[in-house]
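Everything on this sheet refers to the single structure shown next.
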């Protein structure tokens, strides 16, 4: 797929809200065959007991099941579970996103071994365990699909797609976490179907199941006894609508305007004071479902052998852009935050037609310095709406004026 | 890392410990020379890296040696007050004291490491350090638990 | 480095018996980067070395590994051979397969495998070696000697006689030190002044000695070969160039009752004074604490109380110029010879953690004196002109009790060391006394007699057997004044009986301590000192007169309690070290020293804290406009001794020790498993 | 709080300082505040959610905070230790900073935790606090609050539990914890004492610490970091708070601190003149582990 391929408008990405409340079938991404286009109604019901049985069946069949589990202090993490009761569905948003199940923090690409003059390469295995991710949050599922673009762009990333193909994502519509959620402001929603194979919505005694993809349908088909015909869709619809309303009140933004503003204002004075509180720690990138930068290193393990590994990296550290000469084109944290915002809300959009952000709010929750992406987006939105005239790039940039450019605290949302 | 490539098992299946030693030039290296000059036999399991002073011996060396397949490590230098550089061994002593308790806390058995003072005249003591460490590590078995922590991701 | 030659030595049968040298060569030849590998019976022989040179030339080798004996044995040999072949000598390393392998193992396959491992590790290290050049440091061939006692005098004369200039700095108005106060010296009983004064005069007249008496070292900067010394020349209150030492001023001074330091408080002096008749330089000094005029000037009085000395001086030398002068001297070496002080047990030594000896009544009972005071009483130049008269009433003492180890060897009271000289000088005192008062009684309380030294034991025996000194093994618990005697209450541990003696005079052999202020001086010099304030030598056995700071040497009792022969021997040793250093205009040192990566140094100076040599300095990095960018550590290559403690301490690994850099050590470890 | 706001406004107005770093109410609880304009001083707050150790912003590794001239920074008593560390290690000139000490009666674990302090929700490091009155500050503000509620130290308890295990069990525990580390370096970046210009872990020649975040490298990294902080760690807990993987890094830091205190009789202090214990030695330092 080429970078400047078709640019689908934002609202075709599987998000149905904000369009006058029309209740339509989820719009499907054109990259992957989806059910629903001309297919029949694809809603099922999964009772609570059946879900537990489903998990037991999956585990029994040797399928790896990943779900949010309790990680202490009221937090959860996506982890491989050994039994249904380990899973903690519908609770707190896991600390880190789903991306590590497709792009592990470190991954061996191949090993080498030197024997005399010869060099023997041992490729990483190309097969991946069949996996079901249960109770994925829609923002995390959406992110995986967003990353398909970059992973399959000029080069098809085999480990990524190998894991993608081996994995079925069963998302659970979210109720909205807290004031840092802003999925609705980036064209998604707590019930976004994007990236999921099945989307569950918790109703009184079970889950409404939307079957979204062939993979999802296959899962349902393999365990048909667990799934009942859906009778009434209204309760689930109401649950989803309420969650959307709740999250929408956190932040109203128009990503397209922000993108335009970013494009015109690379040298805007706001950047000079954007990151005073930022420690450059990269926790935001570590928890982000869409940050996907990686580094490739050759690590010798003795004279004769070693491994080439791919490791997570982040634009938030100085060494990310450090030249061998000692020069660093992104000299400080302000420049790095500008880069991050640009990549998420302009560059990726320009190249792949999508925002590199699913509004999960993890970066704001993880930041030890109180950097707050929804707050920054709100400020950029204001600038984009009120100052459409771009500041010329040649305009003198005032000396750092500190807090003046930090948006005033907005209070608890 | 695959175990096969770092296995210290011989073909016969008996475990021969591999031990990396870091020693100072003036006392222990010379003491080991003396052991040689005195033809004191000892286990052939130890490989020595010569440093000017125990003060130069970084704990990174020890971790790297374990990474690279060492089942045990010996760190040895001049007795207190005998340091060729006055106080290098005193600085090292503090460093190793903390390091040892730290790795112990992290679950790495500090008995994998022998710290000793061996003077230039203690060839016999050096041979005992080598033999005792070899036998101790032989009992403890290969240190694959640490080496093997760099496994593949599914 | 991609063309390494590996040369495996059989050392006759020494290596060859248990290590298959040919196999080591074969295995090493397969290592990446090794272009040539061979074995030979005796690598260190002329043909062996020729083999290396030939291979370097023919195979265009750029590095050499010799797998043979210990580098302590032949590293120099092979580095020289490598240099001779046109390759930097530091690109030659030795793999020790003899002492560390063939000689200690019996099993040939195991020993051969180990030899291959050792060689491989060294090959890998060598790949990261850098060509190094010896460090050359210009040497200012002048020396500074601090302290004008016998040690400083000897060191200054030896260096000056060796052809180099010396700056001799003495804190007091005259050189001579404690030795000038002694009456006679053990074990020969020759007159102290008689042997010392000619040496003092020699110093004064020596064309290559610049004597700066009544001066103190303010600051020392720099490093071996290149010290800049700031010296405070304290104001004497007169013009030294005009003074001819006639003594008229001294005679005219109305203040005549000041206790004389030279006479250990037993004699008196004037406010303008020469400390003793043989003083060098023979120039008076005005005692600012006692001179009425000086005090008046300091107070800003318009009218001066006294001006007698000004009137008396025929040469107009007395100026009352009160300004200290600061001079600087550039020297290449420093000898510290600041000597000792006696433990003044009467004073409160709380600050030093010493408990004192109030029970002996020193300072309270006039007839309890210390050893130095006895020297002055016995000295022909002393306050009594050599007649033994006790301080209280001038009576000739009929019984003198000497107490040894007062302060010394008494950990409970703060000093655990032996002061070394007391046993000998007490014996001397008993002899001096008995020679002057033939029927007098000399009783010595002692713990042990330590008379190690040429003629020392014989000397003590002479005191006991020929001169009738009574030695009582035991300690004295109290001294009390009773009428005109001092009652000595002690315990004879040999007989197990308490002993009480009524003495006319009691002499305390008090401990030797370091000079007050030595810590401050040591800090200026960056030399270390022990908890008693004695300067630490670089190595107690092998480098007894060097300190841990290159170019700074130590002599005499500032290093530990020393007697005169020891002090003189140390001084001559230090002088010979200095002359050795000065034998070339440049100092050449092995380049295995630390270097800082200024780009990544954060300037936390952990390295500076751990450096025993003061080799780490602060360096300011400025941009083109001169703005300070940061302060980083910088290693003075002249001072660094190459221990590498800084590197292991640096959290960011921004220091590298040449020859043992992190990449080198990493490579050696990385080669652990083939 | 008014006292703090007024003083900040005054220091800024008088141009004594160019920037005041304090705390403010952010979108998610309390957070660091950067005030350059006296008019904004009203944003400043201090309460028991102000957990952040703002001394981290004084590190020279914050080039984006240069250019403000002198900085005034609000510090709790415990935070002063970090400032002292920076001064001790030549990373900061004491005269370049104005310390606004705030009297503190303890804080929560997280800046989002609201409500009164109880023995239950008190941050562990505040148990037995001895520096409610901030030492060595240029200004000391607020009323002295009562001592924080007392209870046993949880981390000390957890360390004792771990110490009681055998090596294999402790190894299993840390293996599990450290396997989650993705080497984002948040622990290092927020640490006020991690002041290396280029971290050892970012250096590749030689690669002492493998750069891949596999568990072996994570052991080496966290062990080395803890060792480099031995006797320097000020127990502000920022590393653990910042860790997106929830690794109990404090346990390691506290363990090392306990070792340093037991062996060398040293606790990190707010006196910059007192040298740290690593880099010093005593002739009679314990060496029971050395043959």
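Using the reciprocal of the averaged 1/r over all distinct C-alpha pairs, how large is the Kirkwood radius of segment D:17-76 in Å? It is 11.9 Å. Suppose the Debye formula is applied to equal point scatterers at every Cα of segment D:39-132; what is log10 I(q)/I(0) at q = 0.10, 0.18 Å⁻¹? Each listed q maps to, in turn, -0.30, -0.89. Segment B:79-98 and segment A:113-165 have their alpha-carbon centroids 50 Å apart. How far is helix D:154-164 tilted, in degrees, relative to the longest principal axis of the Cα atoms in chain D, given as a value from 0 to 90 rounded to the nearest 10? So the inclination is approximately 10 degrees. Measuring how big segment A:11-248 is from its alpha-carbon positions, Rg and Dmax come out at 18.8, 71 Å. The Cα center of segment C:7-59 and the Cα center of segment C:124-201 differ in position by 50 Å.
Of all DSSP beta bridges confined to chain D, the antiparallel ones make up roughly 45%. With the Kirkwood sum run over all distinct C-alpha pairs, segment A:78-214 has a hydrodynamic radius of 16.8 Å. For the pair segment C:636-653 / segment D:117-156, the C-alpha centres are spaced 41 Å from each other. Shown here is the pair-distance distribution of segment C:417-531: with all Cα-Cα distances grouped in 10 Å bins from zero up to the longest one, the shares run 12, 34, 30, 14, 9, 1 percent. For segment C:355-481, the gyration tensor built on C-alpha atoms gives an oblate shape. Its axis ratio a/c (a ≥ b ≥ c) is at least 1.5, and a/b is not larger than b/c.
Restricting the calculation to Cα atoms, segment C:4-127 yields a radius of gyration followed by a Dmax of 12.7, 39 Å. Only DSSP H runs of four or more residues enter the estimate; each adds -39500 (n - 2.57), and after division by the residues of the protein assembly as shown the mean residue ellipticity at 222 nm equals -8500 deg cm²/dmol. Computed from the C-beta positions of residue C:502 and residue C:83 and an R0 of 60 Å, the FRET efficiency is 0.15 to the nearest 0.05. With respect to chain C, whose longest principal axis is taken over its alpha-carbon atoms, helix C:150-161 is tilted by about 60°. Note on the protein assembly as shown: Rg/Rh from C-alpha atoms, Kirkwood Rh, equals 1.06.
Relative to the longest principal axis of the Cα atoms of chain C, the long axis of helix C:46-59 lies at roughly 60 degrees.
Looking at the protein assembly as shown, the DSSP beta bridges with both ends there are about 55 percent antiparallel. For chain C, the ratio of Cα radius of gyration to the globular rule of thumb 2.2 N^0.38 Å stands at 1.24.
Over segment B:17-143, what lengths in whole Å, largest first, do the semi-axes of the equivalent ellipsoid take, defined as the square roots of 5 times the eigenvalues of the alpha-carbon gyration tensor? Let's see the in-between values first.
On the way: eigenvalues 90, 72, 23 Å².
Over the Cα atoms of segment B:17-143, the semi-axes work out to 21, 19, 11 Å.
Note on chain C: antiparallel DSSP beta bridges, both residues inside, total approximately 55 percent of the bridges counted.
From the largest down, segment D:154-264 spans 38, 28, 25 angstrom on the principal axes of its Cα atoms.
With 10 angstrom as the radius, rank C:125, C:624, B:124 by how many other C-beta atoms surround their C-beta, starting from the fewest.
Numbers: C:125 26, C:624 5, B:124 15.
In order of increasing Cβ crowding within 10 Å: C:624, B:124, C:125.
Only Cα sites of segment A:255-390 enter the Debye sum here, all with the same form factor; the resulting log10 I(q)/I(0) across q = 0.14, 0.15 1/Å is -0.69, -0.78, listed in q order.
The label point for residue C:57 and the one for residue C:311, both projected 7 Å from the Cα toward the Cβ, are 9.3 nm apart. Each residue, residue D:131 and residue D:147, gets one label point 7 Å from its Cα in the Cβ direction; the gap between the two is 1.8 nm.
For residue A:114 and residue A:53, the FRET efficiency from 1/(1 + (r/R0)^6), where r spans their Cβ atoms and R0 equals 41 Å, is about 0.20.
Coordinate-derived values only; no laboratory data. Quick caveat, the model's predicted, so the values are computed rather than measured. Please note: Cβ atoms are built from the backbone with ideal geometry, for glycine as well, and neighbour counts cover all protein chains shown.
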